[in-house]
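One structure is given here, and the rest of the page talks about it.
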Amino acid sequence: MLIPFPGMDPWLERPGLWPDVHENLIIRLQDQLAPLLRPRYYLTVQQRTVVAVVPPDPNPIFPDLAVVERDKSFLDREYSDAPVIEPVIVGIPFQETITEDYLEVVEVTTHRVVTIVEILSPSNKRQGEDREAYMSKREKIFRAQINLVEIDLLRDWPPMPFTFLQTNGHASDYRILVKRGKNLRHAFLYSFSVRDLIPIFNLPLQPGDTEPPVRLGEVLKAAYDKCSFDFRVDYTQPPEPPLSEADAQWAKEILRAKTANL
């Protein structure tokens, strides 16, 4: 099954699935861009490790957790008249070591990094130490005058900080920031909604170089197909985070039409 939506699939944002989505987008972006950058540049996949506090799964599956044989000998003991209180299941947040991939565009002759491509993860966007660490790295990139492409395909949590100097009238469920290294105070922002096609933008390189188009929508479609995400998504359940009422109805109609055509 092909991806059912024209742009981003909001069901892919589910926290348990997102790490695999993120990794495959990075790999396929490299596959798409590497031939277009030869022979002047090459692409490398870099990794960083963060220790993130993972919130509890709001929809856990428990294998017979509540099937417990009660010890009836308690009935003859001193507290046999005490009320029986059934326990409830609670979630416990825990720390998890997460490896995040990102891309570097490197000049062949000097091995100098000219552009970094980031796809944001929950660890980057949630308030806390991990977001602060990412913001610190972001500031170092700016000061080093390295180009930055920052792709935000997660509706949850606050976006990275920016100030609108002009607007294009598009809703901002998702964002792509293109920051050229020489321009210290301004960047291009592509904002789009869950109903929109993912915008095509040029990969920033050094002045005078031909900049290849980044077709992120095609990358997402390829990842969805190759990784069989349609078998891993339950479209009968609402996405996480939920859509607005209007967008949820729109998505329902899209899915109904896709199912009818199978």
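The values are calculated or read from the model by the stated rules, or taken from the named source; none is laboratory data. From a predicted model like this one, the values you see are computed outputs, not experimental measurements. When we count neighbours, we look across all protein chains shown, and the Cβ atoms used for this are built from the backbone with ideal geometry, even at glycine.
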Verdict on Ala260 being surrounded by fewer than 18 Cβ atoms within 10 Å (Cβ to Cβ) and of a type in the set (A, V, I, L, M): yes
Residue pairs within 8 Å by beta carbon, gap of at least six or interchain, first lying in region 97-115 and farther than 14 Å from Leu29 by Cα, second aromatic (Phe, Trp, Tyr), listed first then second, are Val106/Tyr41; Val106/Tyr42; Glu107/Tyr41; Val108/Tyr41; Val108/Tyr42; Val114/Tyr41
Pairing a residue in region 228-256 that is over 14 Å from Arg155 (Cβ atoms) with any residue that is of a type in the set (Lys, Arg), where Cβ atoms lie under 7 Å and the two sit 6 or more apart in sequence or on different chains, gives Trp250/Arg195
Could you grab me the full set of residues in region 182-202 that are touching a residue at least 40 places away in the same chain (Cβ under 8 Å) and either over 23 Å from Asp9 (Cα atoms) or β-branched (Val, Ile, Thr) (or both)? Leu184, Val194, Ile198
Hey, can you tell me all the residues within region 230-252 that are outside any loop (DSSP other than H, G, I, E, B), at pLDDT 95 or above and surrounded by 10 or more Cβ atoms within 10 Å (Cβ to Cβ)? Asp247, Ala248, Gln249, Trp250, Ala251, Lys252
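Rundown of residues vs (1) at pLDDT below 70; (2) of a type in the set (Val, Ile, Thr), yes/no style:
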residue	(1), (2)
Ala34	no, no
Tyr41	no, no
Val51	yes, yes
Pro58	yes, no
Pro63	yes, no
Val105	no, yes
Filtering region 14-43 for residues that are crowded, with 18+ Cβ neighbours inside 10 Å, touching a strand residue (DSSP E or B) at 6+ places or on another chain (Cβ under 8 Å) and assigned to a loop (DSSP other than H, G, I, E, B) leaves a count of 0
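Listed here are the residues, each with its yes/no results for (1) in contact with a Gly (Cβ under 8 Å, 6 or more places away or on another chain); (2) modelled with pLDDT of 90 or more; (3) of a type in the set (Asp, Glu).
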| site | (1), (2), (3) |
| --- | --- |
| Ile89 | no, no, no |
| Ile92 | no, no, no |
| Gln95 | no, no, no |
| Thr110 | no, yes, no |
| Glu118 | no, yes, yes |
| Asn124 | no, yes, no |
